[in-house]
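For reference, the structure discussed in these notes is given below.
The values are calculated or read from the model by the stated rules, or taken from the named source; none is laboratory data. Computed from a predicted structure; not experimentally measured. Backbone-built Cβ (ideal geometry, glycine too); neighbour counts: all protein chains shown. Protein only, heavy atoms only, side chains kept; ligands, DNA and RNA dropped before computing areas. Shrake-Rupley method; radii C 1.70, N 1.55, O 1.52, S 1.80 Å.
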Amino acid sequence: MTRTVLILGANGRFGRAATQAFAIAGWQVQAATRTGNTPKMERITPLACDVMNRDSVIAASQGVDVIVHAVNPAYPDWAKMMPVHTDNIIAAGLATGATVMVAGNVYVFGEDAAEVYEESNAFAPTTRKGALRVTMETAFEAAAVDGLRTVILRGGDFIEQAKSGNWFDSYITNKVHKGVFTYPGRMDAVHAWAYLPDMARAMVELAETRDTLPTFSSFGFEGYSLTGEELKAAVASVVGQPLKSASFPWPLMRIIGLFSPLVREVLEMRYLWDTPHRVDGSALRAVLPDFTPTPLKAAMADVLGNEVVKGFSQQANRLRSA
């Protein structure tokens with residue numbers, strides 16, 4: 001039986017991983033972006049879709065079994081765009097009967113939450129973006145009354161091979177070839193990480209069991225729960241040399257934030273680097289008992305391998321030419 005999935009935001013971080021994971025699992029993938037500019041590959045068909053336009057989303061959703069909501073606008077645009085995206089995707093799911101699957105985050109729990117983020121916990125966001133995410137998830141839950149089936153898979157900060165400008169590749173590991181590990185928070189605080197190939201693979205498996213799930217369901221993707229020191233050790237094991245710790249320049253960011261709306265939004269989420277937290281994955285394990293996550297060292301090798309080799313090579317060339 002042909003299975004078809006529409007990935008909204010196919011060029012984004014989770015969207016890219018989901019596109020690959022569904023294709024590998026044998027699904028026909030409609031990879032939707034605003035311009036339709038994605039590579040055409042086996043089982044992957046590029047598609048233009050403006051998620052701000054309801055008719056466009058409904059048209060793109062015709063004939064699909066699953067809609068993956070992986071659209072993630074820039075932080076300053078969340079308040080304007082996220083409610084429209086939510087309404088349009090709900091309308092598309094109701095119009096076509098497709099199951100909606102959402103890549104969730106941990107912002108909904110807030111700074112005062114218990115260290116272990118369980119899906120049964122009451123949401124209590126302490127940031128604007130957390131409140132927006134709660135509003136979004138509540139809207140999907142409310143649409144269950146009208147027959148919309150929604151599955152939310154919630155993970156921590158992303159780790160991926162692609163260099164997409166996230167915390168891990170842009171700041172934490174961007175100087176490891178020089179022996180420097182830059183961490184933006186307490187080195188002893190546990191932080192939640194989601195290796196994207198694993199999280200996307202888990203979403204595929206949930207999609208394949210969607211008919212057995214409640215009309216609205218949410219699952220935590222545990223990923224890796226690591227202190228800064230543990231993450232540093234994992235990176236060092238791949239780099240093959242000891243790393244010096246450097247702190248992130250938050251005081252400078254506060255100054256830049258006076259002029260940059262994006263930096264102000266980043267500053268709002270700083271608490272996640274100093275507040276210990278981990279995602280509870282017990283509900284996901286109960287539904288997918290055979291799901292096997294990638295060992296941490298293997299994930300680090302995948303994420304860092306080529307970049308580390310390239311960095312060390314460039315460093316060696318500079319030393320030789322000095």
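Mean residue ellipticity at 222 nm from the helices of the chain, using -39,500 (n - 2.57) per DSSP H segment of n ≥ 4 over the full residue count, to the nearest 500 deg cm²/dmol? It would help to have the intermediate numbers written out before the result.
On the way: 11 runs with 130 residues, N = 322.
Value at 222 nm, helices only, nearest 500: -12500 deg cm²/dmol.
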Query raised in the report: Rg (Å, one decimal) plus Dmax (Å, integer) for the alpha carbons of the range 208-291?
Result: 18.9, 51
Report task. On a 0 to 90° scale, report how tilted helix 296-321 is relative to the longest principal axis of the chain, with both axes built from alpha carbons and the result rounded to the nearest 10. Result -> 40
Query - Theoretical gain in end-to-end length, residue 186 to residue 48 [0.36 nm per residue, Cα-Cα removed] - result: 45.4 nm
Query raised in the report: For the residue pair residue 233 and residue 59, what label-to-label distance in nm results when each label sits 7 Å from Cα along the Cα-to-beta-carbon direction?
Result: 5.5
Query raised in the report: So how tilted is helix 196-208 from the main axis of the chain? Cα-based, degrees 0 to 90, rounded to 10.
Result: 20
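As a quick test, which of the pairs 40/80; 40/163; 40/175; 129/175 have an alpha carbon distance above 26 angstrom in this structure? Please list the in-between numbers first.
Details: 40/80 31 Å; 40/163 21 Å; 40/175 34 Å; 129/175 30 Å.
Long pairs (Cα-Cα over 26 Å): 40/80; 40/175; 129/175.
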Query raised in the report: Taking the Cα-to-Cβ direction at residue 212 and at residue 115 and moving 7 Å from each Cα, how far apart do the two end points lie in nm?
Result: 3.3
Query raised in the report: For the chain, with every protein chain kept in place, what is the accessible area per residue (1.4 Å probe, Å²)?
Result: 45
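Probe radius 1.4 Å, ligands and nucleic acids ignored: give me the carbon and sulfur share of the accessible area of the chain as a rounded percent.
53
How much length is gained if the chain between residue 3 and residue 274 is pulled fully straight, taking 0.36 nm per residue apart and subtracting their Cα-Cα distance, in nm to one decimal? Each step should come with its number before you reach the end.
On the way: separation 271, 0.36 × 271 = 97.56 nm, distance 4.26 nm.
Using 0.36 nm per residue and subtracting the Cα-Cα distance, I get 93.3 nm.
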Query raised in the report: Taking the Cα centre of the chain as origin and charging only Cβ (+1 Lys, Arg; -1 Asp, Glu), how large is the dipole, in debye to the nearest 20?
Result: 1340
Query - Spin-label model distance (nm) - residue 122 vs residue 162, 7 Å beyond Cα toward Cβ - result: 3.9
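Let's test the formula: R0 of 25 Å, r as the Cβ-Cβ distance of residue 74 and residue 248. What FRET efficiency results, to the nearest 0.05? Don't skip to the end; give the middle numbers.
Values: r = 20 Å, r/R0 = 0.82.
Approximately 0.75, to the nearest 0.05.
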Query - Selection from 36, 218, 150, by position along the positive dipole direction of the chain (Cβ) - result: 36
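Could you tell me what % of all Cα pairs in the chain have separations over 34 Å? Before the final figure, lay out each step's value.
Working: 12225 of 51681 pairs.
Counting pairs separated by more than 34 Å, the tail of P(r) holds 24 percent.
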Query - Degrees separating the helix 13-24 axis from the principal Cα axis of the chain, which is the longest one - result: 60
